[in-house]
Amino acid sequence: MRLSVSATEYRDQIRNGTVTVEEFVSKTLEKIKKVDEQIHAFITVNDDAINQARNLDKKLKAKEKVGACLGMPISIKDNICTKGIKTTCASKLLQDFVAPYDATVISRLKAEDAIIIGKTNLDEFAMGLTTEFSCYGPTKNPWNIDYVPGGSSGGSAAAVSACESIVSLGSDTGGSVRNPASFCSVFGLKPTYGLVSRYGLVSYANSIEQIGPMARTVEDIAFLMNIIAGQDPNDNTTIDSGAVDYVDDLDVGISGKKIGVVSEMMGEGEQKEVTESTRNAISKLEELGADCEEISISEVLHSVAAYYTLTAAEASSNLARYDNIRYGYDFGVEGFEFNAYISRSRKNFGDEVIRRMLLGTYVLSSGYFGKYYMKAQQVRSLIKTQVERAFQKVDLLISPTVPSMPFKLGEKINDELALFRLDVNTVTANLANIPAISVPFEVKNGLPIGIQLFAGHLQEKLLFQAAHALSKLTKLPESPI
Amino acid sequence: MVTKEEIQRLANLIKIEINETEKYVEQVDKVIRYFDTLDKISSTEEIFSQDLALENLRPDEHIPYKEKLIEKLKNSKGTFVKAPKLI
C-alpha cells in the first residue's frame, strides 16, 4: 500500500475496497513512528485515530452514509482548536491547553469524516518562518534534515511531504502556509480573507491571517476548500462566496490568460537558482498559451515593514489574554502580588514572542502611533489599490514564493532582518486580502523551489486552474524520507 | 534610538518580566530602524477600513454546554478551584 496517494486516490481506494480505513490509518501511524523522531513534524499524535478508523470501516461495510473524506488522515497545525486534543501553539504557556470546542474548519472536516491524525509543530503562536521558534524544538525538512522546513506551518508541510498525513491545515499570516509549502515541495494556499472561518484559530493578527490547506496536488487543495470555505455565524468577517465547486473544471488550462510578473519580486536580492526556476515557469506558462508581462507593484518595497508593524501591534493586543488566570499552568499556591504573578508566568513566552509584543506596544504607544502604525495602515491601503489596479490589466500574478531556497537550521535564527526579507513575496497577498498559492516546481541540489501565483479577490477557482496547469508540467520526485 | 528605559517601560506595560534588557534594546532598535522606511510614505494617503456587515450577526442565544469545564482543570475539587493567593 502506497502512503503517497492524493486525497482523490485515497477516496477511490476506500470506495472500491482495495484498502480499509484502518489499514491506511495504521500504516500512517507506523510511518509517523518511524520518521517523526527525525523530522519532528508533530507535537501531538491522536491516540484515538485507529478507533475512529475502525468505526468508519464498520459504517462503510454496513453501507451507511459516510462523509466525503472517508476517514482520510489529516494533520492540523497546533494553533487550530480541536476538542479533546491538546492545542499548544508550541508555547509553554499553553502546554496543557485542551480546547472544549472545535474550530469551524475542524467541525466541517469531522462532518465529512476526516480523521485528525495529529497536531503539527509551528513557530510559537505562528510567529516565525522556519519553525525554529517552537518551544518543543524545530521541525526538520524531510528533503534534508539539516535544513529548515520553512514556517510557521513547518510541521504541516513536513507531515504532508513525508506522507505522515495526506493533507494538512495551516494558517497564513504573512506566508506561513506558502513558505513551508515551497521549502517542502507541497502545495499551500492562502485563501481570500474571509473565505475560511477563523473561529477556533488562536489569534495572532486577526485582520490579516487565514487558515489554508496544504496538499500534494491542486485537486486536493480544491477538495479541501469545498469543505472548509464558506460563511460562519461564529466569524462575522467571513464572506458569502456563493456556491462554488473548486474541483470542477480544474483542467481548463490557461490559454489566453494574462499573467503579470511582479518586477519588485524578481531578481534583486534573490538566490540565482530561484530566479532561474521562476523564469523557467514563466516560459512554460507562455508555451501553454498564457500571455506574460512585467508589472510593477511599487509598494511591495514597503510591504514587509508595514506587515511587521501591523502584525506586531495586533499580536501585542491578542496575547494580552495570556495572564495565566484563564489559561496557563500551575504555580503553587504561595502568595503573589497581582502584577508579579502575571509577569512571572509570561516570562515563559519565547524570545520571538516577547520581541514582537515589545515592538507591537512600541508602535502603538503615543508619540509613535502616527509614525509607524498609521503609516503601516496607509501602506496597506496603497498596496490594495495597486493590486486592484494590476488585476484590471492581468488575470494572475506570478513570483517566486520565497526569494531563497531552504537554508540550514540555525543559519538565520539570530538575524531578524534576514528573516524579514524572506517574507517579501508573500505578505502582499495578506495585506491585500487576495488569494495566493505556492506550487512545487523544481528540486535543485536535493532542495525544493516553489512558484507563487496570485489571483484577484475570491478568484480561487481561476487560481487553482492556473496552478493545475503549471503543476502538470512538472515531474517531481517524492521526498526521500 | 530605543533606550533601556523605554524597553523597561514597555515590558511593564505588557507585564513581562525580562532579564536581558540590553538584548531586547538592541533587537527592538534594529527592527524599529527598519520600520523607519515607512516614514517616507506621504501622510495624506487615505486608509481603507474594512466595514463589517452588521445585519447578519448570529442570534444572541444561550447555547447550553453540557460538559463540566471545571473537571478539565487540574486543581479542582467539587465546585471549587484551587488558585494561588493574589494580593
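Scanning region B:51-83 for residues that are under 30 Å from A:TYR368 (Cα atoms) and within 7 Å of chain A (Cβ to nearest Cβ) returns a single hit, B:LEU52.
Is it the case that A:ALA68 is farther than 30 Å from A:ASP146 by Cβ, within 14 Å of another protein chain (Cβ to nearest Cβ) and out of contact with any His (no Cβ under 7 Å at 6 or more places or on another chain)?
On the way: farther than 30 Å from A:ASP146 by Cβ: yes; within 14 Å of another protein chain (Cβ to nearest Cβ): no; out of contact with any His (no Cβ under 7 Å at 6 or more places or on another chain): yes.
So A:ALA68 does not fit the description; no.
In region B:5-42, the residue that is nearest to A:ASN236 (Cα to Cα) out of those that are at the interface with chain A (Cβ under 7 Å from one of its Cβ atoms) and not in a helix (DSSP H, G or I) is B:ILE14. I'd like to check something: does region A:35-49 contain any residue that is more than 30 Å from A:PHE125 (Cα to Cα), away from every other protein chain (no Cβ under 14 Å), polar (S, T, N, Q) and in contact (Cβ under 8 Å) with a residue 40 or more places away in the chain? No: zero hits. Within region A:3-30, the set of residues being assigned to a helix (DSSP H, G or I), in contact (Cβ under 8 Å) with a residue 12 or more places away in the chain and surrounded by fewer than 18 Cβ atoms within 10 Å (Cβ to Cβ) comprises A:THR8, A:ARG15, A:GLU23, A:SER26, A:LYS27. Checking each residue in region A:147-202 for being part of a loop (DSSP other than H, G, I, E, B) and either of a type in the set (D, E, K, R) or modelled with pLDDT under 95 (or both) picks out A:GLU164, A:ARG198. Filtering region A:214-232 for residues that are touching a helix residue (DSSP H, G or I) at 6+ places or on another chain (Cβ under 7 Å), within 14 Å of another protein chain (Cβ to nearest Cβ) and surrounded by 17 or more Cβ atoms within 10 Å (Cβ to Cβ) leaves a non-empty set.
Selection of region B:16-29 for residues being charged (D, E, K, R) and either touching a residue at least 60 places away in the same chain (Cβ under 8 Å) or closer than 16 Å to A:LEU364 by Cα (or both) yields only B:ASP29. Taking the criterion of being over 25 Å from A:ALA229 (Cα atoms) and not hydrophobic (A, V, I, L, M, F, W, C), the residues of region A:446-471 that qualify are A:GLY446, A:PRO448. Scanning region A:85-106 for residues that are crowded, with 17+ Cβ neighbours inside 10 Å and either closer than 17 Å to A:PHE349 by Cβ or out of contact with any strand residue (DSSP E or B) (no Cβ under 9 Å at 6 or more places or on another chain) (or both) yields a total of 9.
Considering B:GLU45, B:GLU71, the condition of being in a loop (DSSP other than H, G, I, E, B), out of contact with any Gly (no Cβ under 7 Å at 6 or more places or on another chain) and at pLDDT below 80 is satisfied by B:GLU45 alone. For A:ILE297, the criteria (1) under 21 Å from A:LEU422 (Cβ atoms); (2) in a helix (DSSP H, G or I); (3) of a type outside the set (Asp, Glu) hold in every case but one, which is (2).
When the criteria are applied in full, A:GLU460 fails the requirement of being out of contact with any Leu (no Cβ under 8 Å at 6 or more places or on another chain) and among the acidic types (Asp, Glu). What number goes with the only condition from (1) within 18 Å of the chain's Cα centre (by Cα); (2) in contact (Cβ under 8 Å) with a residue 40 or more places away in the chain that A:GLY151 does not pass? Here A:GLY151 meets the rest and fails (2). Kindly establish whether A:GLY370 is facing chain B (nearest Cβ under 10 Å), of a type outside the set (Lys, Arg) and touching a helix residue (DSSP H, G or I) at 6+ places or on another chain (Cβ under 7 Å). No.
If you go through region A:110-131 one residue at a time, do you hit one that is of a type outside the set (Lys, Arg), touching a His at 6+ places or on another chain (Cβ under 8 Å) and crowded, with 20+ Cβ neighbours inside 10 Å? Quick ask: steps written out before the conclusion?
Here is the first cut: in region A:110-131, the ones of a type outside the set (Lys, Arg) are A:111-118, A:120-131.
Next cut, touching a His at 6+ places or on another chain (Cβ under 8 Å) only: A:121.
Next, from what is left, pick out any that are crowded, with 20+ Cβ neighbours inside 10 Å: A:121.
Yes, there is a match, as at least one residue in region A:110-131 is of a type outside the set (Lys, Arg), touching a His at 6+ places or on another chain (Cβ under 8 Å) and crowded, with 20+ Cβ neighbours inside 10 Å.
When we screen A:GLY269, A:GLY230, A:GLY260 for residues that are out of contact with any strand residue (DSSP E or B) (no Cβ under 9 Å at 6 or more places or on another chain) and of a type outside the set (Phe, Trp, Tyr), the only hit is A:GLY269.
The values are calculated or read from the model by the stated rules, or taken from the named source; none is laboratory data. What you see is a predicted model; the values in this text were computed from it and never measured. All Cβ positions, glycine included, derive from the backbone under ideal geometry; neighbour counts span all protein chains shown.
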